[in-house]
Amino acid sequence: MAAAAGAALLMLLMAAALAGGDDSDWVRLPSKCEVCKYVAVELKSAFEETGKTKEVIDTKYGFLDGKGSAVKYTQSDIRLIEVTENICKRLLDYNLHKERSGSNRFAKGMSETFETLHNLVHKGVKVVMDIPYELWNETSAEVADLKKQCDVLVEEYEDVIEDWYRHHQTEDLSQFLCANHVLKGKDTSCLAEKWTGKKGDLASVGEKQSKKKSGKKKKKGQKDEREGAASLPDTGEALEGVQEQAPLTHSPADEL
């Protein structure tokens, strides 16, 4: 009886978290500040990902007079175009986390609320909600609008993004694009909102997972190199030992 009452109470809490209050709060579309914040986040991430290559592009190709010069991919127009053309699609990897406040409600990974509900279903608990189970993992209206507004913003501020890329990469992109241009004279409070994370939060784990994996691989490689070097005999000592001994009358392989 107590278990049933506990499950019922949990369901009510989950429903309240998903609703976020009254019916008017059921769908709260992203503000311009939230849109610009995550456009800047993904732009920075995309430029970091594409900035590791040493590829060089031959710009002579396509010129009848053969003129032109080689240019690094990291400084090329191609890199800028590829990043900006695909940047808004990356926002579809986000989910809505209604248990969080402010702009932190947008994050990658499954929300704590839906993770709890999925666990209940897997344990055989019947979960009844307005949203069918098949749609739990579908893109929310808020995230879809985030991507839609991103398309408009990137097109409208294309010149600003290009200016940052060519002349101001040492400046923080959120400050340059959002505070100085998109949100100039408007509310910029969401730019300062940071999610500190929570133990067991799948979204935080998902965002850091790739960085941790790459870090572990580097550390493992360095450790293996150190161990391999330590296991090798000192060359100088080995040669001195051979010189002090009498000449061998059989091959070293016979001693094994």
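The values are calculated or read from the model by the stated rules, or taken from the named source; none is laboratory data. Quantities reported herein were computed from a predicted structural model and do not represent experimental measurements. FYI the Cβ positions are ideal-geometry reconstructions off the backbone, even for glycines, and counts take in every protein chain you see.
Between a first residue in segment 80-92 that is under 14 Å from Lys147 (Cβ atoms) and in contact (Cβ under 8 Å) with a residue 24 or more places away in the chain and a second residue that is among the charged types (D, E, K, R) and part of a helix (DSSP H, G or I), which pairs have beta carbons less than 6 Å apart while being 6 or more apart in sequence or on different chains?
Sorted first by the residue in segment 80-92, then by its partner, the pairs are Ile87/Glu42; Cys88/Lys147; Cys88/Asp151; Arg90/Glu42; Leu91/Lys147; Leu92/Lys147.
Among what's in segment 160-193 and is of a type in the set (Lys, Arg) and free of Cβ contacts under 8 Å to residues at least 24 places away in the same chain, pick the residue that is surrounded by the most Cβ atoms within 10 Å (Cβ to Cβ).
Arg166
When residues of segment 102-149 are filtered for being modelled with pLDDT of 90 or more and more than 22 Å from Asn86 (Cβ to Cβ), how many remain?
Number of matching residues: 5.
For residues in segment 6-58 being of a type in the set (Asp, Glu) and at pLDDT below 70, which is surrounded by the most Cβ atoms within 10 Å (Cβ to Cβ)?
The extreme case among them is Asp25.
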